[in-house]
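Visitor: Could you have a look at this structure, given as structure tokens, before my questions?
The values are calculated or read from the model by the stated rules, or taken from the named source; none is laboratory data. Remember, predicted model here, so these are calculated numbers, not experimental data. All Cβ positions, glycine included, derive from the backbone under ideal geometry; neighbour counts span all protein chains shown. Accessible surface areas use protein heavy atoms only, side chains included; no ligands, DNA or RNA. Shrake-Rupley method; radii C 1.70, N 1.55, O 1.52, S 1.80 Å.
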Amino acid sequence: MGGKEKGNKEAAGFYDSRWFRMFATLVVASMTGISFVVGLTVQLLYILFLGPVLIFFEGVRELLLAEMSFRLFNSIFTVWLNPFWRVKILRPWPSAALSKLPKANRIIVVSNHLSGLDPWIVAATTWPVKLKYVYKASLKNIPIAGYALSFTGDLAVSFTKEKGGWGVDAESIRKMMQRARHLLEIGIGICVFPEGTRSLSGRLQPFKDGFFRLAVDCPDTHVVPMAMMNTNKAWPVKGNLISCATIFVVFGDPISCSGKTVDALKKEVRDAVAELQRQTPGYDPEKHGPMDPSAFAETRGHGPEEDLSQRSRPPSPAKSR
């Protein structure tokens, strides 16, 4: 083994060590905490000095209290200045294609879901696009971060103690979908992770109907598919320590929802996300190929590490573009 190769192996071992990961986690947690404090402070300043404007101009309120405060500082401190994570955008946000649409901002961003880090990566790679995110209402109970989150106007959903804590409150869902439709109508997009849970295996799980039904029912809506790779390495689902990682992000072309059924749109978008995943470095069809929807267990919690039946055979990887 050459000296350089040996040195690289020793360096990799050091960065993977528990002590280094504990140090990295402490640094990132501190930076994220700072982002919450700064974000909330800026939100309060906007409210203090621009109160009447925020009351009467909804679009301005949604922009200032989310993208120009909470989302901006989360992106700066948690992602852009993070020395442990590199984010590479392999295919950028389709701004040119969206600008040609009659309702350029009536969009739903659909992504795979691998880690609790995913919303931060979406925000950092789409900023300053106005997007709202679905989140657990219980997060509003977190000091400082919960207050800042409540000002963003994101879509809160309440869970009940049923189904192991994953039962949903029907009235909460109704109000959330009603607000989501209103947001689309006034030109504010929505980001969703339709798998519903983070994938333990890294494979794309089946999509749920909810926001596809909304997309079909709301005229001139387009879905922007995207895929992420390695966020589960940066922040594993079953773990409290972060790791060094290079995160890959790929955006697809807008998909029209007009004249399509919920099932047809859901399949088209899932196929598009799976294709985007195949464009990321390190993609392995055996490890990352989409799960067979018919073999997937209808349970809440994090998705299974493997299919319950034999793995479906994914399509051949597309040729590199």
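Visitor: Evaluate the following for residue 199: is it polar (S, T, N, Q) and over 26 Å from residue 156 (Cβ atoms)? First the steps, then the outcome.
Guide: Values: polar (S, T, N, Q): yes; over 26 Å from residue 156 (Cβ atoms): no.
Spelling it out, it is not the case that residue 199 is polar (S, T, N, Q) and over 26 Å from residue 156 (Cβ atoms).
Visitor: Residue under question is residue 202, and the condition is that it be under 30 Å from residue 286 (Cβ atoms) and open to solvent by 10 Å² or more (accessible area, probe 1.4 Å); does it hold? Talk me through it step by step, then tell me what you get.
Guide: Values: under 30 Å from residue 286 (Cβ atoms): yes; open to solvent by 10 Å² or more (accessible area, probe 1.4 Å): no.
No: the conditions fail for residue 202.
Visitor: In addition: Which residues, counting only those in region 172-203, are closer than 20 Å to residue 254 by Cβ and of a type outside the set (D, E, K, R)? So that I can check it myself, show each step before the final result.
Guide: Step one: list which residues in region 172-203 are closer than 20 Å to residue 254 by Cβ, which gives 180-181, 183-194.
Across region 172-203, the qualifying residues are 180, 183, 184, 186, 187, 188, 189, 190, 191, 192, 193, 194.
Visitor: If you check 75, 99, which single one turns out to be closer than 28 Å to residue 249 by Cα, open to solvent by 30 Å² or more (accessible area, probe 1.4 Å) and polar (S, T, N, Q)?
Guide: On the way: 75 fails: open to solvent by 30 Å² or more (accessible area, probe 1.4 Å).
Step by step, each of 75, 99 is checked, and only 99 is closer than 28 Å to residue 249 by Cα, open to solvent by 30 Å² or more (accessible area, probe 1.4 Å) and polar (S, T, N, Q).
Visitor: Out of region 135-148, which residues are touching a residue at least 40 places away in the same chain (Cβ under 8 Å) and open to solvent by 20 Å² or more (accessible area, probe 1.4 Å)? It would help to see each step written out before you state the result.
Guide: Kept after step one, since they are touching a residue at least 40 places away in the same chain (Cβ under 8 Å), are these residues of region 135-148: 144-145, 147-148.
Listed by number, the residues that qualify are 144, 147.
Visitor: For region 205-249, which residues satisfy the criterion of being open to solvent by 30 Å² or more (accessible area, probe 1.4 Å), over 19 Å from residue 188 (Cβ atoms) and among the aromatic types (Phe, Trp, Tyr)?
Guide: Of everything in region 205-249, just one residue is open to solvent by 30 Å² or more (accessible area, probe 1.4 Å), over 19 Å from residue 188 (Cβ atoms) and among the aromatic types (Phe, Trp, Tyr), namely 235.
Visitor: Separate question: In region 14-112, which helices (runs of 4 or more DSSP H) lie fully inside it and hold 2 or more residues that are of a type in the set (A, V, I, L, M) and on the phi < 0 side of the Ramachandran plot?
Guide: Details: elements: 18-56, 58-62, 70-74, 95-99.
Those helices (runs of 4 or more DSSP H) span 18-56, 95-99.
Visitor: Turning to a different aspect of this structure: Please verify whether region 163-172 includes one or more residues that are over 21 Å from the mean Cα position of the chain (by Cα), open to solvent by 50 Å² or more (accessible area, probe 1.4 Å) and of a type in the set (Lys, Arg).
Guide: Yes, that holds for at least one residue.
Visitor: How many residues are modelled with pLDDT under 95 and farther than 23 Å from residue 88 by Cα if we restrict to region 233-255?
Guide: Residues that pass the stated criteria total 3.
Visitor: Something else now. Taking the condition of being in a strand (DSSP E or B) and buried (at least 23 other Cβ atoms within 10 Å of the Cβ), how many residues in region 113-134 meet it?
Guide: 1
Visitor: Still on this model: Name the residues in region 138-175 that are modelled with pLDDT of 90 or more, among the hydroxyl-bearing types (Ser, Thr, Tyr) and outside any helix (DSSP H, G or I), would you?
Guide: The answer is 152, and nothing else.
Visitor: Are any residues in region 271-293 at pLDDT 95 or above, in a helix (DSSP H, G or I) and either of a type in the set (Ser, Thr, Tyr) or open to solvent by 50 Å² or more (accessible area, probe 1.4 Å) (or both), and if so, which ones?
Guide: Taking region 271-293 and keeping what is at pLDDT 95 or above, we get 271-281.
Narrowing the set further to residues that are in a helix (DSSP H, G or I) leaves 271-278.
Matches in region 271-293: 271 only.
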